[in-house]
Amino acid sequence: MHKYLKFFLLENLDTVRRIRVGSFWGVTLLITPWTWLSPFVFFGLHFLLNLLNPRLPLDERLLQSIYFVIAVELTTPLHAFGHIISGKLVHSAMDELLITATRDVNIYHGDQSQIPGKVHLVRSLGGPILNILVGLVCILIAPSIPAGFWSGVNTSMISTNLFFGLGGLLPVPSVDGEVIWREIINWIKKK
């Protein structure tokens, strides 16, 4: 057991091998040797949670889990992209993005205590805001998507993006909300 499990990270960030896979807009992209497990982890998680609904037939349970995996695998990079955009807006984007089996980790080099609170706030808001916007767009286009596979994916995109976005605003350790609320409270104290 390692200290990062409490943050829903399967990998020990202190010891896991980081493999460079490229860069995006000046941000180095890294993966771990366990990143490939992501779809299986989220499929299993959703399938197990769906067991709470015993009236759901197996084929529907499997299909909903597939929708969920697709949504998570699209929502996670959207969240990271939101952080990159917001970091670029305040000229302080993350240095590296570590993609793990369960979530992405924004890595900043240097002494972050010297960064102004406004910069921390804007960088933290980028991911949740983009997810909320994507969720709202998916709600708007939902009526135009015929029933079937893509409708199921869109429905899962709505719930997953809104969960990432609104959940990311909560003051929970290792989630964006921890930084957002810390900076808001610091700003209020200074007034």
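The values are calculated or read from the model by the stated rules, or taken from the named source; none is laboratory data. The structure presented is a predicted model; accordingly, all values stated were derived computationally and were not measured. No Cβ is skipped: glycine too gets one built from the backbone with ideal geometry, and neighbour counts run over all protein chains shown. Calculation scope for accessible area: heavy atoms of the full protein, side chains included, ligands and nucleic acids excluded. Shrake-Rupley method; radii C 1.70, N 1.55, O 1.52, S 1.80 Å.
Key figures for this structure:
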item	result
Computed helical MRE - 222 nm, the chain, DSSP H runs ≥ 4 contributing -39500 (n - 2.57), nearest 500	-19000 deg cm²/dmol
Entries of Lys118/Lys190; Lys118/Lys189; Lys3/Lys118; Lys6/Lys189 with Cα pairs more than 20 Å apart	Lys3/Lys118; Lys6/Lys189
Lys88-Leu48 pseudo-label distance in nm [points 7 Å out on the Cα-to-Cβ vector]	3.8 nm
Gain upon complete extension [Ser174, Leu58; 0.36 nm per residue less C-alpha separation]	38.3 nm
Over the range 23-77, volume per residue of the alpha carbon convex hull, in Å³	76 Å³
Percent carbon-and-sulfur accessible area, the range 5-105, ignoring ligands, DNA and RNA, probe 1.4 Å	68 percent
Degrees separating the helix 38-50 axis from the principal Cα axis of the chain, which is the longest one	60 degrees
Among (i) 23, 22, 18; (ii) 26, 20, 15; (iii) 30, 21, 16, the entry derived from the coordinates for semi-axes √(5λ) of the Cα gyration tensor in Å	(iii)
For peptides 64-72, 86-94, sequence by mean Cβ density within 10 Å, most packed first	64-72, 86-94
Accessible area expressed per residue, the chain, with surrounding protein chains retained (probe 1.4 Å, Å²)	59 Å²
Most mobile listed residue (Pro173, Pro128, Pro77) in the chain, GNM with C-alpha springs under 10 Å	Pro173
Charge dipole of the range 71-191 about the Cα centre (unit charges at C-beta), most positive-ward option of Ile184, Asn106, Asn154	Ile184
Computed lengthening from Leu133 to Trp34, 0.36 nm per intervening residue step minus Cα-Cα distance	32.6 nm
FRET efficiency estimate (nearest 0.05) - Cβ-Cβ, Asn12 to Val41, R0 22 angstrom	0.85
Between 0 and 90°, nearest 10: helix 176-190 axis offset from the chain longest Cα axis	40 degrees
Gaussian network model of the chain, Cα within-10 Å springs - most flexible of Trp36, Trp25, Trp181	Trp25
Between helix 149-167 and the chain: long-axis angle, C-alpha atoms, 0 to 90°, nearest 10	30 degrees
